[in-house]
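Please treat every number below as a calculation from the coordinates, not as lab data. What you are looking at is a predicted structure, and each value in this text was computed from that prediction instead of being measured. Here the Cβ positions follow ideal geometry from the backbone for every residue, glycine too, while neighbour counts run over all protein chains shown.
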C-alpha cells in the first residue's frame, strides 16, 4: 500500500446541507464545472477579487489549489468548500475560512464568491450561514471575520443580513483587481444570534 504524506491527503468527506444549497470540500472531479462557472463569471468577479494569473483556470493550477487546501485543512489553517445547488447539483460558487488562529484568538476569516448566473439567488447567504455554524459548532471558533470593499453593496448587505456586525474601516487592506483597496470590516461571534437557515 502506498501511503501519501499527510499534506497530500484530501480533506475529510463532509457535507453541510441547507434548504437550497449544500457545501463540501472541492474534489478533483469538480474541475470542469469550477472552471466553467469561473470563466463565465470573469467580468463579474474581477472587480472584487485579486488579479487572476494567466493560468488561473488551468487544471494544473486547480490541482495545486486542491493540494494546498488539503494541507491547510489538515493543519487547521483554512477550510475551503464549493457551493452547490441542492436540487440540481450544479456548482454555483465557493466559500472558505482562512487565517484560522487558535490560542487566545479562536478566529478565522470568511471569504466567498458566486458565479454570475447564480448571483442574488440566496446561495451565498445560505452557504455563509452553513460555514459560520461549522466554524462555531465543529471548529470551536469564537469569532468569524469578513471584509468587503465599500462599493460592494451586495456583499455588505449579505453580511449584515446573516448577522455580521460592521466593526471598522481598514485602509488599503487587500490588493483587489491590482490595487490596494480600503475595506469595511465585519465580524460575528459565537455568542451572537444566528439567523435561521
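Miscellaneous remarks
- The sum of -39500 (n - 2.57) across all DSSP H runs of n ≥ 4, divided by the residue count of the chain, sets its helix-only mean residue ellipticity at 222 nm to -7500 deg cm²/dmol.
- Between residue 36 and residue 53, the simple spin-label model (points 7 angstrom out along Cα→Cβ) gives 2.5 nm.
- Relative contact order of segment 18-144, defined on C-alpha pairs under 8 angstrom at six or more residues apart (%): 28 percent
- The ranking of 145, 59, 126 from fewest to most other beta carbons within 10 Å of each one's beta carbon is 59, 145, 126.
- Euclidean distance between Cα centres, segment 149-194 to segment 44-58, Å: 20 Å
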